[in-house]
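The structure under discussion appears below in the form of structure tokens.
Just so it is clear, none of the values below were taken in a lab; they were calculated from the coordinates. The structure presented is a predicted model; accordingly, all values stated were derived computationally and were not measured. Virtual Cβ from ideal backbone geometry, glycine too; neighbours counted across all protein chains shown.
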Amino acid sequence: MKKIVMLAMATALAGPMAAHAQTTVTTGAATSSIQIEPQYRTKIKSYVTEHKIRPVESRERIIVGAKVPADVELQAVPSDWGPTVTKYRYVYSGDRVMLVDPASRTVVHEVD
């Protein structure tokens, strides 16, 4: 009888711990946090319209966390877009500027 009670108690305690562990799991895409100041967001949006950047065409949808297809050319980020984004490249797709990690070709941020 003691074994059954102990087993029930252990199960009751392990349940909430297991549920807590599941809710704190993060993925690689979620760990990339890029902060862009409002004045730089404005510069980015102005750049795209002033330079009449044409959106790229791709069969795959380009979204945060996805890899940009090899046939899509990555563009250099202008230095006046701010110090937090100069290490990235960008792709203009579907009226959205997407920042891309050039080493992995993974989209790390959508400029909204």
Subset of segment 56-83 [of a type outside the set (Gly, Ala, Ser) and either exposed (fewer than 10 other Cβ atoms within 10 Å of the Cβ) or touching a Gly at 6+ places or on another chain (Cβ under 6 Å) (or both)]: Glu57, Arg59, Arg61, Asp71, Glu73, Pro83
Sole residue being of a type in the set (A, V, I, L, M) and within 16 Å of Ile34 (Cα to Cα), chosen from Val77, Val72: Val77
Qualifying residue in segment 82-90 (condition: closer than 21 Å to Thr42 by Cα and part of a strand (DSSP E or B)): yes
